[in-house]
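Read through the structure below, which is laid out as structure tokens, and then see the notes.
The values are calculated or read from the model by the stated rules, or taken from the named source; none is laboratory data. If you're wondering where the values come from, they're calculated on a predicted model, not measured in any experiment. Methodologically, a virtual Cβ is constructed for each residue, glycine included, from the backbone with ideal geometry; neighbour enumeration extends over all protein chains shown. Keep in mind that these areas ignore ligands, DNA and RNA; they rest on the heavy atoms of the full protein, side chains included. Shrake-Rupley method; radii C 1.70, N 1.55, O 1.52, S 1.80 Å.
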Amino acid sequence: MAVSSSGIVAGLTAAALATVGYLAHQASQTLPAGLGRAHADATPAADVSKAPPRARKDPAALPVGSGKGARVVYSLRGDRVWLVGGDGTVTRTFEVAPSAVDPAPGDYSVTSRSNAVTGSDGVPVEHVVRFTSVDGVVIGFSAAVNDATAAPPPKAHTGGIRESRADGEAMWTFATIGRKVVVIR
């Protein structure tokens, strides 16, 4: 049986449309928070953020004046981190649970890393990226192995800024020794 060229074209077009549809679905599943459209049935949460007005409008927007070049930006008020590439493009942003001890705003560098340790609060953590210390308390980003991102107990004197395991893996890959860390209010 002979196949006509119009049949071949129709088959190729259908295959291309199916591929594009599949890839669009995959891309929509990996969008950073805040980039997708809101669902019609979504109920807005009460605005109790301690973040400045800019962040309440678009918490994922990179703060103006947060430096230049490749860097990690950490907002104390917004409890948010941005991983910024050398060209100034945000490669990832995510919320974190703050440590009990905050670093002062300023520029730092990643000083040490540990793949897996027990945090000062007794929680097993992974992908630890340290960048400063305050009064003997080491400050850094980490992910709890059980994926808990709860803030430390109020009286705990810890410096672990907790992130999800997926965010911790992204931080681990991005924030190598010497990487700039910018802490902002």
Could you list, in sequence order, all residues of region 168-185 that are farther than 14 Å from Arg92 by Cβ and at pLDDT 95 or above?
-> Thr176, Ile177, Gly178, Lys180, Val181, Val182, Val183, Ile184
Under 6 Å between Cβ atoms, at least 6 apart or on separate chains: pull out the pairs that start in region 108-121 with a residue that is touching a residue at least 24 places away in the same chain (Cβ under 8 Å) and end on any residue that is open to solvent by less than 70 Å² (accessible area, probe 1.4 Å) and among the polar types (S, T, N, Q).
-> Tyr108/Thr132; Ser120/Thr158; Asp121/Thr158
Considering only residues of region 163-185 that are assigned to a loop (DSSP other than H, G, I, E, B) and among the basic types (Lys, Arg), which is surrounded by the fewest Cβ atoms within 10 Å (Cβ to Cβ)?
-> Arg185
Contact list, first residue from region 162-185 and at positive phi, second anywhere and β-branched (Val, Ile, Thr), beta-carbon distance below 7 Å, six or more apart or interchain, is Gly178/Val110
Selected residue [over 26 Å from Gly65 (Cβ atoms) and either at pLDDT 90 or above or aliphatic (A, V, I, L, M) (or both)] from Val128, Val134 = Val128
